[in-house]
Amino acid sequence: MRKKIAGSVIGLGALSAVVLSTGSASSHGYVSTPPSRAALCAAGTVTNCGDIQYEPQSVEGPKGFPTAGPADGSICSGGIARFAQLDDPRNGAWPATKVTGGQKYTFTWKLTAQHSTTDFSYYITNNTYNPNKPLTRSEINPTPFLKVAYNGAQPPTTVTQQGTIPTGHTGKQLIVGVWTIADTGNAFYSCADVQF
């Protein structure tokens, strides 16, 4: 009887460890300011979002953006099929934050798990961007307009970074925030619609 109880306790302990490690692996981070598509879905501002409404922090894909990373057409979802609603342009109807070229802007990430970090980088689309189609690399300026190095340090649960909105843009554009993790092969992707 004792052997059965001990075996059950060990089995439950192992199962608990698996559940706990799985839970933490699905928790990471997303851009909350300006509101990213994931943040808008999580807040219920945008509906019919699928799984991302429950996991705005989980858009984790291969790092190396823009030369590597998620494929064209799946950049906003990090290449994760169950988050494909983030790549759907919704006929250009995603809510957009009004910005002006040259203005100072504070970008905020909400992190549900801190990771050793290489950097946070912010990219913006160029004037070939079509908000009615899924995003491709050719529509993104390949040099980030803001890059904040962390050199392997762990960021806090709320990360704020001051940058300047690039000039020379008109109409609706997309900002792609990329949080590159230092000790894995992944990064987190967060797309925020803006209106100039």
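Restricting the range 55-74 to residues that are buried (at least 16 other Cβ atoms within 10 Å of the Cβ) and among the polar types (S, T, N, Q) leaves a set whose member that is farthest from the chain's Cα centre (by Cα) is SER74.
If you go through the range 98-116 one residue at a time, how many are surrounded by fewer than 15 Cβ atoms within 10 Å (Cβ to Cβ) and more than 28 Å from GLN154 (Cβ to Cβ)?
In the first step, residues of the range 98-116 are kept if they are surrounded by fewer than 15 Cβ atoms within 10 Å (Cβ to Cβ); the result is 98, 100-104, 106, 113-114, 116.
Right, trim to more than 28 Å from GLN154 (Cβ to Cβ) and you get 98, 100-103.
Residues flagged as surrounded by fewer than 15 Cβ atoms within 10 Å (Cβ to Cβ) and more than 28 Å from GLN154 (Cβ to Cβ) within the range 98-116 amount to 5.
Any residue in the range 98-108 that is in contact with a His (Cβ under 9 Å, 6 or more places away or on another chain), of a type in the set (Val, Ile, Thr) and under 22 Å from GLU55 (Cα atoms)? No, the range 98-108 has no match at all.
Within the range 155-191, track down each residue that is assigned to a strand (DSSP E or B) and more than 23 Å from ALA71 (Cβ to Cβ). Let's see the steps before the verdict.
Taking the range 155-191 as the starting set, the residues that turn out to be assigned to a strand (DSSP E or B) are 158-164, 172-181, 186-191.
If the condition is that a residue be assigned to a strand (DSSP E or B) and more than 23 Å from ALA71 (Cβ to Cβ), then THR158, VAL159, THR160, GLN161, GLN162, GLY163, THR164 are the ones that fit.
Specify the residue that is surrounded by the fewest Cβ atoms within 10 Å (Cβ to Cβ); the eligible residues are those in the range 1-54 that are modelled with pLDDT under 95 and either touching a Pro at 6+ places or on another chain (Cβ under 9 Å) or in a loop (DSSP other than H, G, I, E, B) (or both). Filtering the range 1-54 for residues that are modelled with pLDDT under 95 and either touching a Pro at 6+ places or on another chain (Cβ under 9 Å) or in a loop (DSSP other than H, G, I, E, B) (or both), the one surrounded by the fewest Cβ atoms within 10 Å (Cβ to Cβ) comes out as MET1.
Contact map, the range 137-157: residues that are of a type outside the set (D, E, K, R) paired with residues that are loosely packed, with under 12 Cβ neighbours inside 10 Å, Cβ distance under 9 Å, separation 6+ or inter-chain. Pairs shown: SER138/THR128; PRO142/THR67; LEU146/GLN162; GLY152/ASP183.
Do we have ALA153 as among the hydrophobic types (A, V, I, L, M, F, W, C), farther than 19 Å from PRO35 by Cα and within 18 Å of the chain's Cα centre (by Cα) here? For ALA153, the condition - among the hydrophobic types (A, V, I, L, M, F, W, C), farther than 19 Å from PRO35 by Cα and within 18 Å of the chain's Cα centre (by Cα) - is not met. Please go through the range 104-128 and pick out each residue that is more than 21 Å from ILE181 (Cα to Cα) and in a strand (DSSP E or B). Selection gives LYS104, TYR105, THR106, THR125. Before we move on, is LEU135 within 21 Å of ILE52 (Cβ to Cβ), assigned to a strand (DSSP E or B), of a type outside the set (Val, Ile, Thr) and modelled with pLDDT of 95 or more? No, not satisfied. Residue count for the range 172-193, restricted to those that are more than 13 Å from HIS28 (Cα to Cα) and in contact with a strand residue (DSSP E or B) (Cβ under 7 Å, 6 or more places away or on another chain): 11.
The values are calculated or read from the model by the stated rules, or taken from the named source; none is laboratory data. Bear in mind the structure is a predicted one, so any value in this text is a computation, not a measurement. Don't worry about glycine lacking a Cβ; one is built from the backbone with ideal geometry, like all the others, and counts go over all protein chains shown.
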